[in-house]
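Accompanying notes for the structure given below.
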Amino acid sequence: MSDCNAYIQENRDRFLEELVELLRIPSVSADPEFASDVLRCAEKVAGYLKAAGAENVEIISTEGYPVVFGERHVSDDVPTILVYGHYDVQPADPLELWDSPAFEPVIKTTPLHPEGAIFARGACDDKGQMFMHIKAFEAMVQSDSLACNVKFMIEGEEEVGSAHLEPFLEKHKEKLSADVVLVSDTGIIANDIPSITVGLRGMSYVEVEITGPNRDLHSGLYGGAAPNPINILCEMIASLKDEDQRITVDGFYDDVVELSDKERAAMAEAPFDEEEYKASIGIGATEGEPAYTAPERMSIRPTLDLNGIWGGYTGNGAKTVIASKATAKISMRLVPNQDPEKITELFLRHFHAIAPPSIQVKITPMHGGKPAVTPTDSVAYRAASDAMEESFGRKPIPFRGGGSIPIVAIFEQILGLKTVLMGFGLDSDAIHSPNEHYGVFNYFKGIETIPLFHKNFAELNRS
Ligand code: BES
Ligand code: MN
Ligand code: MN
């Protein structure tokens with residue numbers, strides 16, 4: 001390992017510069033305007049993989065954006081690690097809230113990142129974290145210490161729901177065969193409190209459109225009798241939660257697994273400071289179901305949130321108008337054993353049922369994803385836990401996260417593979433937000449921890 005670490009130290013500057021180059025590409029999967037950039041980013045990742053020592057590097061097409069594949073075979077006697085990550089990023093909007101342009105990376109210090117952090121869309125989610133694996137791999141290859149066979153599968157549609165990966169896995173089962181999936185696309189509690197994510201929420205995402213009158217109307221001439229779709233949409237949405245913040249969609253909680261008191265007590269071991277949490281996002285109080293703690297509401301309980309809502313006049317000044325249409329985007333985070341298709345169906349039925357006859361409702365299901373829980377009693381978990389304990393000097397805490405990575409459940413379903421979510425980001429890294437960043441400390445901590453995982457995983461499989 002010492003040679004591997006020495007190689008990482010010697011190449012620190014280049015490892016950062018190469019990440020900066022990757023971050024310059026606006027690979028926004030949600031917006032077709034960036035299609036050529038997304039494809040250019042796949043090429044760039046493939047080039048980096050090849051340069052790092054991967055063989056059989058391929059850009060494999062799907063019905064959507066391609067998957068970058070590469071591998072290196074050490075021996076038939078050692079296990080195979082399938083590294084998954086994504087090279088696509090969220091849109092950078094709202095652009096005016098960035099202190100520096102989203103695709104012109106800069107390194108600056110912050111109170112939480114005294115060693116500096118790299119500011120750019122995708123810095124943490126997931127280019128920075130995915131790239132740690134390519135650089136750790138390079139270091140292992142160059143120091144002749146690669147202990148496991150490695151396969152890379154880096155996709156370009158994670159941020160839009162990974163809709164084309166199910167057929168991709170079906171088609172390339174053989175090529176992707178492995179012993180475990182290793183992903184760095186989650187976070188740790190703090191730089192001095194390492195943790196390993198052992199649960200992810202699923203997702204059901206819909207867009208709802210309400211149509212009232214057949215055209216925009218003068219709100220004086222027609223107001224009072226003409227149904228206002230914005231008012232009605234607001235009322236319908238407000239009724240989706242009761243006074244205890246329980247989601248009112250019929251059947252919504254039917255399949256929700258309740259955790260035992262023991263499991264909840266174990267979860268409560270993870271440190272959480274409510275005051276600090278409130279201060280960090282500038283809120284006066286947390287909200288949610290009274291029977292659950294804030295960390296529980298963010299991980300083991302489902303949610304229903306508006307992500308956007310619009311209609312009518314939103315320009316300068318006042319315009320008196322009753323709009324013809326109002327629209328909202330709604331995400332529901334799901335927990336075991338909720339099924340995204342079933343939840344979407346329940347939502348559709350419920351939302352149509354509560355609609356007054358004065359308006360029309362159109363619902364467009366967007367993406368979905370199944371929730372996932374990953375084991376803590378596996379060889380792979382132990383390899384990750386020991387690796388982090390060695391690199392951080394503290395044993396990581398298993399932790400259920402609130403975000404979603406749809407592919408994790410699909411890996412299990414199609415390839416029969418369990419995933420280890422060994423991420424290194426911080427919640428404060430502002431992923432999906434303006435001024436996303438990733439700590440230089442975190443980046444190199446990841447690059448140093450990954451080879452330890454490989455070594456531990458090989459050793460534990462031998463014994
Ligand atoms: N990397 C995130 C998910 C994440 C972040 C999980 C931090 C846990 C901790 C991922 O890129 C993401 O944003 N996923 C989307 C999935 C959706 C588009 C289906 C999400 O969670 O909103
Ligand atoms: Mn991600
Ligand atoms: Mn993301």
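The values are calculated or read from the model by the stated rules, or taken from the named source; none is laboratory data. Note that this is a predicted model, so its numbers are computed, not measured. Because the Cβ atoms are built from the backbone with ideal geometry, glycine has one as well, and the counts that use them run over all protein chains shown.
Scan the range 326-340 and tell me whether some residue there is at pLDDT below 95 and in contact with a Pro (Cβ under 9 Å, 6 or more places away or on another chain). Full working, then the answer.
Filtering the range 326-340 down to residues at pLDDT below 95 leaves none.
Among the residues of the range 326-340, not one is at pLDDT below 95 and in contact with a Pro (Cβ under 9 Å, 6 or more places away or on another chain), which makes the answer no.
Within the range 95-102, the presence of at least one residue that is within 23 Å of the chain's Cα centre (by Cα), within 16 Å of ligand 3 (Cβ to nearest atom) and at pLDDT 95 or above is confirmed. Scan the range 162-187 for residues that are within 12 Å of ligand 2 (Cβ to nearest atom) and in a loop (DSSP other than H, G, I, E, B) and the total you get is 4.
Does V160 satisfy being within 27 Å of G393 (Cβ to Cβ), within 16 Å of ligand 1 (Cβ to nearest atom) and of a type outside the set (D, E)? I'd like the intermediate steps shown before the answer.
On the way: within 27 Å of G393 (Cβ to Cβ): no; within 16 Å of ligand 1 (Cβ to nearest atom): yes; of a type outside the set (D, E): yes.
No: the conditions fail for V160.
The single condition from (1) more than 21 Å from the chain's Cα centre (by Cα); (2) within 15 Å of ligand 3 (Cβ to nearest atom) that L112 fails is (2). I'd like to check something: does the range 221-232 contain any residue that is within 30 Å of L306 (Cβ to Cβ) and in a strand (DSSP E or B)? No - not one qualifying residue is present in the range 221-232. Can you tell me which condition G403 does not meet? The list is (1) within 30 Å of E207 (Cα to Cα); (2) away from ligand 2 (no atom under 16 Å from the Cβ); (3) in contact (Cβ under 8 Å) with a residue 24 or more places away in the chain, and all the others hold. Failing condition for G403: (2).
Among the residues of the range 429-443, those that are closer than 22 Å to P398 by Cβ and either within 12 Å of ligand 2 (Cβ to nearest atom) or at pLDDT below 95 (or both) comprise D429, I431.
Listed by position, the strands (runs of 3 or more DSSP E) enclosed by the range 1-88 that each have at least 2 residues that are loosely packed, with under 15 Cβ neighbours inside 10 Å and out of contact with any Pro (no Cβ under 7 Å at 6 or more places or on another chain) are 55-60. For beta carbons closer than 6 Å, sequence separation of 6+ or different chains, a first residue in the range 154-165 that is buried (at least 24 other Cβ atoms within 10 Å of the Cβ) and a second that is aromatic (F, W, Y), the qualifying pairs are I154/Y87; G156/Y65; G156/Y87; E157/Y65. For beta carbons closer than 8 Å, sequence separation of 6+ or different chains, a first residue in the range 2-24 that is more than 14 Å from F103 (Cα to Cα) and a second that is of a type in the set (V, I, T) and surrounded by 12 or more Cβ atoms within 10 Å (Cβ to Cβ), the qualifying pairs are I8/I447; F15/I8; F15/I447; L16/I107; L16/I118; L16/V440. The test for being in the same structural domain as E157 (by TED's automatic domain parsing), of a type in the set (G, A, S) and touching an Asp or Glu at 6+ places or on another chain (Cβ under 7 Å) holds for S391.
So, K278, is that one part of a helix (DSSP H, G or I) and more than 23 Å from the chain's Cα centre (by Cα) or not?
Considered against the rule, which asks whether it is part of a helix (DSSP H, G or I) and more than 23 Å from the chain's Cα centre (by Cα), K278 comes out as no.
Inside the range 135-161, can you point out the residues that are part of a helix (DSSP H, G or I), under 25 Å from Q9 (Cα atoms) and either of a type in the set (S, T, N, Q) or within 16 Å of ligand 2 (Cβ to nearest atom) (or both)?
First, the residues of the range 135-161 that are part of a helix (DSSP H, G or I): 135-142, 158-160.
From what's left, under 25 Å from Q9 (Cα atoms): 135-142.
Residue satisfying the conditions is Q142 alone.
Whether any residue in the range 11-33 is at pLDDT 95 or above, among the polar types (S, T, N, Q) and closer than 18 Å to I107 by Cβ is what I want to check. Checked against the condition, which is being at pLDDT 95 or above, among the polar types (S, T, N, Q) and closer than 18 Å to I107 by Cβ, the range 11-33 yields at least one hit.
Looking across the range 286-345 at every residue that is of a type in the set (S, T, N, Q) and in a strand (DSSP E or B), the one that is nearest to ligand 1 (Cβ to nearest atom) is identified as S331.
Within the bounds of the range 234-243, is there any residue that is within 13 Å of ligand 1 (Cβ to nearest atom), touching a residue at least 60 places away in the same chain (Cβ under 8 Å) and closer than 26 Å to D427 by Cβ? If you could, list the steps in order and put the result at the bottom.
We begin by selecting, within the range 234-243, every residue within 13 Å of ligand 1 (Cβ to nearest atom); these are none.
No, the range 234-243 has no match at all.
Checked against (1) out of contact with any strand residue (DSSP E or B) (no Cβ under 6 Å at 6 or more places or on another chain); (2) under 23 Å from A123 (Cα atoms); (3) more than 16 Å from ligand 3 (Cβ to nearest atom), V420 meets all criteria but (1).
Take the residues in the range 188-218 that are within 30 Å of K418 (Cα to Cα), more than 16 Å from ligand 3 (Cβ to nearest atom) and part of a loop (DSSP other than H, G, I, E, B), then tell me which one is nearest to the chain's Cα centre (by Cα). Even if it seems obvious, please write down each step before you answer.
Step one: of the range 188-218, the residues within 30 Å of K418 (Cα to Cα) are 188-206.
Still in the running and more than 16 Å from ligand 3 (Cβ to nearest atom): 188-196, 198-199, 204, 206.
Subsequent filtering for residues that are part of a loop (DSSP other than H, G, I, E, B) retains 188-189, 191-192, 194.
Values: I188: 14, I189: 16, N191: 19, D192: 22, P194: 18 Å.
The selected residue is I188.
Checked against the criterion of being in contact (Cβ under 8 Å) with a residue 12 or more places away in the chain, hydroxyl-bearing (S, T, Y) and surrounded by fewer than 16 Cβ atoms within 10 Å (Cβ to Cβ), the candidates T248, T211 yield just one match: T248.
Within the range 292-324, the residues that satisfy the criterion of being out of contact with any helix residue (DSSP H, G or I) (no Cβ under 8 Å at 6 or more places or on another chain) and of a type in the set (G, A, S) are G308, G315, G317, A318.
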